[in-house]
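For reference, the structure is listed below as structure tokens.
The values are calculated or read from the model by the stated rules, or taken from the named source; none is laboratory data. Just so we're clear, the structure is a prediction, and the values are computed from it rather than from any experiment. FYI the Cβ positions are ideal-geometry reconstructions off the backbone, even for glycines, and counts take in every protein chain you see. Surface areas here come from the heavy atoms of the whole protein model, side chains and all, with no ligands, DNA or RNA. Shrake-Rupley method; radii C 1.70, N 1.55, O 1.52, S 1.80 Å.
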Amino acid sequence: MSNRKLKDNLTKILIYAASLLTVGVLAWILIYITINGIGEISLEFLTSAPEGESGGGILPIIINTLYIILLTIVISTPIGVFAAIYLVEYAKPGKIVRIIRFATESLAGIPSIIFGLFGYIFFVTVLNLGWSILSGALTLSIMVLPTMVRTTEESLKAVPDAYREGSLGLGASKLRTIRKVVLPSAIPGIVTGIILSIGRIVGESAAVYFTAGMVSRLAKGFLDSGRTLAVHMYLLAKEGISFEKAFATAFVLVVIILLINFSANKIGASLDKTKV
Amino acid sequence: MNKTKLSVKNLNLFYGDFQALKNIDLEVESNKITALIGPSGCGKSTFLKTLNRMNDLVENVKIEGKVSLDGEDIYNNIDVIKLRKRVGMVFQKPNPFPMSIYDNVAYGPRAHGIKRKAKLDEIVETSLKQAAIWDEVKDRLNQNALGLSGGQQQRLCIARALAVNPEVLLMDEPTSALDPIATQKIEELTEELKEKYTIVIVTHSMQQAGRISDNTAFFLLGEVIEFSETAKIFSNPEDKRTEDYITGRFG
Ligand SMILES: Nc1ncnc2c1ncn2[C@@H]1O[C@H](COP(=O)(O)OP(=O)(O)OP(=O)(O)O)[C@@H](O)[C@H]1O
Ligand SMILES: [Mg+2]
């Protein structure tokens, strides 16, 4: 075998090994969670409220989680999308853009516990929203904003200028051009941003723990407090209440993430007008 | 004498430090076809875009001089949206929007406030017929325009431009992606259109310029070297460089 061929093969082996490792670890985690969690999963577990120390199920907690996801996305998507539209379509390169960019990048690098503390001080205490779904969602909105802005920005930039020229050349206003041509083409990218954000929201415990509270009942509204699946899991495991239930909760969490990703991808693809 | 539709006086255009157009003087006559010819990169597209202010979109562009439409300076105190409705454009590369064929054509009229379905239907049909593409698409108006062939897309873009009923139509090499039959259709179309519209067309084909245009401007390195009646330019050019280009000795 020539030296070159040897190198080629070695590279291939390394690539395969790396891919195998990545997929393998992921599969291993999923299998591990499934094996340890599935035993506790039952209709009762999924449809009842927690009872006592370690009894009951997680229905209210699933619903709290969905509340928080929904509210966070409803708050952060328009803000993120508008910010990105401003940055890509309106802002002239210069100081303001640099400041906004710096701010979003810094936000992205801050550990989530700091968002939690900030949310606790600002939303829970200063704005007096208390431990509530709303405080949690507002805190998480700030946390996912950089992702939203970034992904939307990228997808707006990927819209060919020829579309903008075509629209403006017909005498359409800039606003109409953005609404009717640019944004629709950017939707798949925006959906990606939403998926990534949901992933972060679902997996977040610290920031939620401090702002949405940890009572285990169903929140009676957006101003009521309630824990999410990630917080529930954390408490179950940390207090050593029930590792089986923690794994079962983890299993439900993973299934929810997979379901959301899957459907968001489907929605994104069906909205993608550039694919014929 | 013939009426002047667009008048360009002493036009200079800079992309940053690079001067793309130099001292251009040119009169576009009403209801005539004016052809712009010249080697690649000489500023034909750039010039065309100054006529409906599409260069405004480019960063760091500086424009000096005067362009007037029916005597009105288009770089001074004018509603750009109204200007672009009056001076429509077909771009060098076909750029249909990622939406249905129908919505592409109806886009302009809708932007200008036409909402009635019957009216839109009528505009869409007439425009597509004018652009010689109706027969090919009439059964699939609701399909995505990106599924059309390159030549069909270009004709769709022509239809889209016609749908807003402009007074002037700027066409940047509209037939460069078309087969001879479609090209012939577009050429016939321009003949018909000039009854109602004023047309400025960029072309790399000398034959095409000769066949369809009334006046021709020869561009070289950002300057208009010669501008006169097409027949004269092709039979008896005044400038040596024009002659060389037309006879294919350079370019
Ligand atoms: N947005 C821009 N920024 C900087 N320079 C540009 C820009 N657009 C065009 N130019 C330059 O201006 C000159 C004229 O370009 P233009 O596109 O008008 O040429 P053209 O005559 O249409 O060429 P072609 O026949 O290849 O289409 C070229 O040198 C080009 O590189
Ligand atoms: Mg060009």
Requested in this report: Using protein chains only (no ligands, no nucleic acids) and a 1.4 Å probe, work out which residues of the range A:233-276 have their accessible area cut by at least 50 Å² relative to the chain alone.
Outcome: A:LYS273, A:VAL276
**Report entry** Of all DSSP beta bridges in the protein assembly as shown, antiparallel share, percent nearest 5
**Finding:** 60
Report summary line: Relative contact order of chain B (C-alpha contacts under 8 Å, at least 6 apart) in percent is 27
**Report entry** Highest-MSF residue in chain A out of A:SER173, A:SER197, A:SER76 [GNM, Cα springs under 10 Å]
**Finding:** A:SER173
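Heavy atoms only, probe 1.4 Å: what % of the accessible area of chain A goes to carbon and sulfur, would you let me know?
Values: 10370 of 14720 Å².
That fraction is 70 percent.
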Query raised in the report: At 10 °C and 1.306 mPa s, what whole-number value in µm²/s does Stokes-Einstein give for the translational diffusion of the range A:41-271, with Rh from the Kirkwood sum over Cα pairs?
Result: 84
Query raised in the report: Measuring from label point to label point, each 7 Å out along Cα→Cβ, what is the B:ASN60 to B:LYS138 span in nm?
Result: 5.1
Query raised in the report: Alpha carbon centre of the range B:112-163 versus the range A:156-175: separation in Å?
Result: 19
Query - Residue-normalised accessible area of the range A:41-271, given per residue in Å² at a 1.4 Å probe - result: 46
Requested in this report: Count, for each residue of B:107-114, the Cβ atoms from other chains sitting within 10 Å of its Cβ, then give me the mean as a whole number.
Outcome: 4
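Please state the relative contact order of the range B:127-251 as a whole percent: Cα pairs under 8 Å, 6+ residues apart?
Dividing the mean separation by the residue count of the range B:127-251 yields 18 percent.
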Query raised in the report: So what's the gap between the Cα centers of the range A:215-239 and the range B:7-74, to the nearest angstrom?
Result: 66
Query raised in the report: What is the spin-label model distance, in nm, from A:VAL23 to B:ASP73 if the labels are put 7 Å beyond Cα along the C-beta direction?
Result: 6.8
Report summary line: A student applying the Cα gyration tensor rule (rounded when a/c is under 1.5; otherwise prolate if a/b is larger than b/c, oblate if not) would label the range B:53-96 oblate
Query raised in the report: Total Å² of accessible surface buried at the A-B contact, 1.4 Å probe, nearest 100?
Result: 1800
Query - Long-range HN-HN contacts of B:VAL202 with modeled amide H, under 5 Å - result: B:LEU36, B:MET171, B:ASP172, B:GLU173
Query raised in the report: So what's the gap between the Cα centers of the range B:183-210 and the range B:211-229, to the nearest angstrom?
Result: 15
